[in-house]
Amino acid sequence: MSLDPSRCNLIAALACAVSLAGAPAFAKDTGLVYVSSEKDHAITMLDARTHAVAGTIPTCKRPRHMQLMPDRERLLVVCSDSNRADVIDLKTRATVDSIPLGDDPEVIDLSPDGKTIYVSNEDDAQLSVVDVASKKVVKTVKTGAEPEGVKVSRDGKIVYVASEVANMVHVIDTASGKVIKNVTTGSRPRRFLMTPDDKELWVSNELSGSVSIIDRTSHTLKEEIKFEVKGFRPNDITPVGMVMTADGKTAWVGLGRANHVAQVDVASRKVKSLVLVGKRAWGLALNRDESLLFVANGLSDDLSVVDTASAKTLRSVKVVRVPYGIKVDD
């Protein structure tokens, strides 16, 4: 879909947004929670205060991972079955552009200046580097089989890619496009968290029920946090989505088919509490003041709203078929 000339030009908006690249990843106060649906080919919007459904935005096929652009006025939505990302204007609530991402795109991350998209292509076992201005793949880097998680360092010099089959994280130099190190993790690494001080990279391991912690200076495995949930078998504990508070003191980890989220004290590496949510808790997001945690439950088609102070679920909201990712703009 081409961009209407009467609308704000995407590239110009990105250029204007360079100075905002280090800003918090919230859009400009739409007051909404955005939830991607793998089966409905749409984004569902919820009121961030009342949690009532506020409408839907049609997208390309099988929308999953989402990321706000540096200007915080547009949302990139990765559609695995359409091999592209839709660009959604959060004010008009409409798709204003699309960017090809190669075959079977999984997860993306943006360079700090917003000019480059790094995307994992699962079927091709590669990381693709996409220039936003030209909408062209300018570079590819071979990875282990089934790459998933992608994370760019805050200085833009390193991009991390998790290979689910190889059970490793590839450390890639963005300037040369070369893999400079491979770090072995637990089984089926999926997603990343970077601590606010930039010293650690956290990796969720879906099939080993754990999180690996990588030292970012030496790029070596530092520690591992194992999860246990009473009443659930070890192979039901499948961590994927993670989010960390701005002060770096608390991490929340979705435990997948164990139907809980874990509240982890970052300093001690201890699980402080386990919160019962819906079925297959994967996508996680905190609101702006971090008083609420939103959890996308892929097998119960709902969104859990967790009070972070008490570590208790306040309510469950029916949303879409197979909810996957969440972005909050309150």
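Odds and ends about this structure:
- P(r) weight above 16 Å for region 257-330, C-alpha pairs, percent: 46 percent
- Taken one residue at a time, the phi angles of region 212-220 give Karplus couplings (6.51, -1.76, 1.60, θ = phi - 60°) of 8, 10, 9, 6, 7, 7, 9, 6, 10 Hz. Gly and Pro are set to x.
- Convex hull volume of region 97-153 per residue (C-alpha atoms, cubic angstrom): 74 Å³
- Helical content of the chain, expressed as a calculated mean residue ellipticity at 222 nm, amounts to -500 deg cm²/dmol (DSSP H runs of 4 or more residues, -39,500 (n - 2.57) each, divided by residue number, nearest 500).
- Size descriptor, Kirkwood hydrodynamic radius, that averages inverse alpha-carbon separations across region 175-302, Å: 14.9 Å
- Distance in nm between pseudo-label sites at residue 217 and residue 181 (7 Å out along the Cβ direction from Cα): 1.1 nm
- Residues considered: 133, 162, 267. Largest GNM mean-square fluctuation over the chain, using C-alpha springs under 10 Å, is found at 267.
- Histogram of C-alpha separations across the chain, 20 Å bin width, %: 34, 62, 5
- Ratio of the Cα radius of gyration of region 120-233 to 2.2 N^0.38 Å, where N counts its residues: 1.09
- Under 16 Å from the residue 249 label point (7 Å along Cα→beta-carbon), backbone N, region 287-312: 289-292, 308-311
- Between the amide H of residue 259 and those of 280, 281, distances stay under 5 Å, these residues lying 5 or more places away or on another chain, with hydrogens modeled in the peptide plane.
- Distance between the 7 Å Cα→Cβ label points at residue 173 and residue 145: 3.0 nm.
- Amide H contacts for residue 167 (H built 1.01 Å from N in the peptide plane; partners 5 or more residues away or on another chain; cut-off under 5 Å): 188.
- Each 5 Å bin from 0 upward holds the following percent of the Cα-Cα pairs of region 60-197: 2, 11, 21, 24, 21, 13, 6, 2, 0.
- Between residue 94 and 89, the built amide H atoms are under 5 Å apart, and every one of these is 5 or more places off in sequence or on another chain.
Every number in this text was worked out from the coordinates using simple rules, so none of it is lab data. Here the structure is a predicted model, which is why all the values come from computation and not from measurement. No Cβ is skipped: glycine too gets one built from the backbone with ideal geometry, and neighbour counts run over all protein chains shown.
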